[in-house]
Number of protein chains: 2
Amino acid sequence: MNGAVCVVTGGLGFIGSNLVHHLVGQGATVRIIDALIPDHGGSLHNVDGLAATVAVADIGSAEVGDVLVGADFVFNLAGQVSHIASMHDPEADLQRNTMSHSRFLETVRRVSPGARVVHTSTRQVYGRPMRLPVDETHPANPVDVNGVAKLAGEQLHSVYASAYGLRTTSLRLTNVYGPRQRLDSDELGFLPVFIRAALQGEVIRLFGDGLQRRDCLFVDDVVEAMLAACAEHAVGHVYNVGHTEDHSLLEIAELLCGLAGLGGHVVVTPWPEEHGRVDIGSFRSDSSRIANEVGWRPTTMLADGLARTLTFYREHPWFLSPR
Amino acid sequence: MNGAVCVVTGGLGFIGSNLVHHLVGQGATVRIIDALIPDHGGSLHNVDGLAATVAVADIGSAEVGDVLVGADFVFNLAGQVSHIASMHDPEADLQRNTMSHSRFLETVRRVSPGARVVHTSTRQVYGRPMRLPVDETHPANPVDVNGVAKLAGEQLHSVYASAYGLRTTSLRLTNVYGPRQRLDSDELGFLPVFIRAALQGEVIRLFGDGLQRRDCLFVDDVVEAMLAACAEHAVGHVYNVGHTEDHSLLEIAELLCGLAGLGGHVVVTPWPEEHGRVDIGSFRSDSSRIANEVGWRPTTMLADGLARTLTFYREHPWFLSPR
């Protein structure tokens, strides 16, 4: 990536900012586009001290065309990630995860049609699994508006690849954790909630029986997957990006309490009504396609990744304060 | 349906108006919602003389709430159907097939949460088949924006069923033909183009080699499928609605020329660039799920359906005039 011009949308957010740190470290010229929509997790703090330009803009707006001029790589991570919020305001979610991407793809096609585009989708597009592990041929039956909108955004990338020769690849990410994730919201998945509780020595509340299983991915592994997905033969493809090991929520919560060593413990409670209806049971990704075709595999095991995560937040305690 | 209050969105269009004719004939109280968007195929002529009310409105607008009060059945057929148009104006397609349906579902949930909702999706959501015939577990990989937007609209119906208990069913329709289809556009699929040419004794131009196969459905069979899909145990399901017989485009074109008897003939030519990129090869639906669960099966064979279609247009020649 040394000398490459990289545009990172959502570059002030959790995964985006980790990618930016990596790209700058590799000597890339990095241009960030981020709308800084309140509650979305983006923060200028996430790229403190880095040599990257920042355009505060919606990816659907015309002004992002200037940022795309001369781009070699476009990492398209912008989006709304809260499943709960998508049910409270479906239209806003569809605007941000579908309509904005439609406009963005038109802009990329016009301004930088030769750029390599890597887009982040989510394993939530599958919904409740019909079989485990879930590979890319599993039907996509999302259980919430966020999953519907993210899938549409992903499929638009595929359409622009097949219809216009745009060089896109989409990655369906499993649950991701690590440094620079927003910890002050209960609406961004279970991992940041667990991590916050563990860091504060508080109770981790598990819904259901805690036996639902997930494969979780340390953010550095996601960054490596995005870079690997730039391989030329990945163009036009959609890949699962998950872990080979999975754990029950109970195991993850107890592991975190133990690592934090602050006396936090786990309590199991029934599902709250609105969460329960979108629960999907256990999930495990089958990421053998990206392993076989592109050579990417996760390298960070959960205990190690969580320990590194806790260390980061101890050194950057402002993440625990409400914004 | 005698005495039932039925709302039909897109009720002035091809399939919608055929449904309205049927429902009125059964003694239902029919309320039509249709935006009469130019080039979409809706026309007041399609319901001439029928006792049905018409609200000219976008299904995403607040005013449709009044029309939904007291509805027993909602047949939600509104949408943009042109694949070509969706590539020329992706945003308009996403507005009409996704955003409007999101707003409409919110209105249904608020005004008539107990209504039975039957939504028409399309087999285009599958894209290029990985195997034939295509059943509902086949991955959905649409090849154009219209397919992406229709799938998102369909999945929103499923989300509202599982999350809010809305009583929705979606039908993925194969290529449909019959009376009241708009014949004056080249952008609405091959069947109306073939029918118009046959009726005018003109050349039917086939792209590729003409050997791509399709299962085609007479519109009366679609109307029967929509009524069958009102069965209580169909709630929350998505069904393929296609035919058990399939034909090559060449066979269909030659059949039409023969039936019309006006000297039209078939010419095979290479794909035009923009059509070729979204061609999906042969397609055949597997509709055994709706047959097994709801008891619907097509009853009109192609030769019979096409003959009835030609008869209709001969008796209603204004369909052949540009609007």
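Coordinate-derived values only; no laboratory data. On a predicted model such as this, the values are computed, not experimentally measured, just so you know. Here the Cβ positions follow ideal geometry from the backbone for every residue, glycine too, while neighbour counts run over all protein chains shown.
Normalised by the empirical 2.2 N^0.38 Å for globular proteins, what value does the Cα Rg of region B:249-323 take?
1.47
Tell me the label-point distance for the pair B:Thr299, B:His316, using the 7 Å Cα-to-Cβ offset, in nm and rounded to one decimal.
The answer from the label model is 2.1 nm.
Report, in degrees rounded to the nearest 10, the 0 to 90 angle that the Cα long axis of helix B:14-25 makes with the longest principal axis of chain B.
Its long axis makes an angle of about 60 degrees.
I want to check the label-to-label distance for A:Gln26 and A:Thr244. Put each point 7 Å from Cα in the C-beta direction and report it in nm to one decimal.
In this crude spin-label approximation the distance works out to 2.3 nm.
Between beta-carbons, use under 15 Å as the cut-off and find the net charge around A:Arg213, counting Lys and Arg +1, Asp and Glu -1.
-3
Using 0.36 nm per residue, how much length does the chain from A:Arg110 to A:Val56 gain when fully extended, once their Cα-Cα distance is taken away?
Net length gain for the segment: 17.4 nm.
Only four residue types carry charge here, +1 at the Cβ of Lys and Arg and -1 at the Cβ of Asp and Glu. Report the dipole size of region A:77-207 about the Cα centre in Debye, rounded to the nearest 20.
In total the dipole reaches around 480 debye.
So if I place +1 on the C-beta of Lys and Arg and -1 on the C-beta of Asp and Glu, and nothing else carries charge, what would the dipole magnitude of chain B be about its Cα centre? I want it in debye, nearest 20.
Once rounded to the nearest 20, the dipole reads 440 debye.
Going 7 Å from the Cα of B:Ser282 along its beta-carbon direction, which residues of region B:221-246 have the amide nitrogen within less than 19 Å of the resulting point?
Taking a point 7 Å out along Cα→Cβ of B:Ser282, the residues of region B:221-246 whose backbone N falls under 19 Å are B:242-246.
Which FRET efficiency, nearest 0.05, do A:Leu36 and B:Arg131 yield, Cβ-Cβ r, R0 41 Å?
That gives a FRET efficiency of 0.35.
Rounded to whole Å and sorted largest first, what semi-axes of the equivalent ellipsoid does the C-alpha gyration tensor of the protein assembly as shown yield via the square root of 5 times each eigenvalue?
Largest first, the protein assembly as shown gives 47, 28, 21 Å.
Does anyone have the angle between helix A:302-315 and the longest principal axis of chain A? Alpha-carbon axes, 0 to 90°, nearest 10?
80
Using a Förster distance of 60 Å, how high is the FRET efficiency between A:Ile84 and B:Arg308, based on the Cβ-Cβ distance and rounded to 0.05?
0.70
Percent of Cα-Cα pairs per 10 Å bin, from 0 to the last occupied bin, for region B:132-181, please list those.
20, 44, 31, 6
A:Ser285: net charge of surrounding residues, Cβ under 9 Å, Lys/Arg +1, Asp/Glu -1, itself excluded?
-1
Using the charge dipole of region A:45-127 (Lys, Arg: +1 at Cβ; Asp, Glu: -1 at Cβ; taken about the Cα centre), state which of A:Ala51, A:Val69, A:Gly114 has its Cα farthest towards the positive end.
Of the candidates, A:Gly114 comes out farthest on the positive side.
Which FRET efficiency, nearest 0.05, do B:Phe207 and A:Leu262 yield, Cβ-Cβ r, R0 60 Å?
Efficiency, rounded to the nearest 0.05: 0.30.
Ratio to report: Rg/Rh of region A:18-82, with Cα atoms as the point set and Rh obtained by the Kirkwood method; give two decimals.
0.93
Going 7 Å from Cα along the Cα-Cβ axis for the label, what nanometre distances separate B:His88 from the same residue across the other copies?
With the label placed 7 Å along Cα→Cβ, B:His88 yields 4.2 nm.
Largest first and to the nearest Å, give the Cα extent of region A:102-227 along each principal axis.
Cα spread of region A:102-227 along its principal axes, largest to smallest: 51, 33, 24 Å.
Divide the volume of the convex hull of the Cα atoms of chain A by its number of residues and quote the answer in cubic angstrom per residue.
118
Shortest first and in nm with one decimal, please list how far the A:Ala307 label point sits from its counterparts in the other copies (point 7 Å along Cα→Cβ).
When each copy's label point is compared with this one, the spacings are 8.0 nm.
Among A:Tyr313, B:Tyr239, rank each residue by its count of other Cβ atoms within 10 Å, from fewest to most, as a rough exposure measure.
With the sparsest Cβ surroundings first, the list reads A:Tyr313, B:Tyr239.
Only helical DSSP H runs with n ≥ 4 go in: add -39500 (n - 2.57) per run for chain A, normalise by residue count and round the 222 nm mean residue ellipticity to 500 deg cm²/dmol.
Rounded to the nearest 500, the figure is -10500 deg cm²/dmol.
If packing is taken as the average count of other Cβ atoms within 10 Å, what order do A:110-123, B:38-51 fall into, highest mean first?
A:110-123, B:38-51
Sort B:Cys257, A:Cys216 by Cβ crowding within 10 Å, fewest neighbours at the top.
B:Cys257, A:Cys216
Taking neighbour Cβ counts within 10 Å as the exposure measure, how do B:Phe283, B:Phe312 sort from fewest upward?
Final ranking by Cβ density, sparse to dense: B:Phe312, B:Phe283.
Put +1 on the Cβ of every Lys and Arg and -1 on every Asp and Glu Cβ in region A:155-204; which of A:Ala161, A:Gly189, A:Val203 then has its Cα farthest towards the positive end of the dipole?
Towards the positive end, the residue furthest out is A:Ala161.
Let's see if you can work this out: charge +1 on each Lys and Arg Cβ, -1 on each Asp and Glu Cβ, no other charges. What is the dipole magnitude of the protein assembly as shown about its Cα centre, in debye to the nearest 20?
160
Considering only chain A, pick the residue with its Cβ nearest the axis of the rotation onto chain B, and state the distance in whole Å.
Nearest Cβ to the rotation axis, residue and whole-Å distance: A:Ala152, 2.
When you look at the Cβ of every residue in B:135-143, what mean number of other chain Cβ atoms sits within 10 Å?
4
Once the label point is placed 7 Å from Cα along Cβ, list for A:Asp48 the distances to the corresponding points in the other copies, in nm, shortest first.
Distances between equivalent label points, in nm: 7.5.
Taking the Cα centre of each part, how many Å lie between region A:85-140 and region B:289-323?
Here the two parts' Cα centres lie 37 Å apart.
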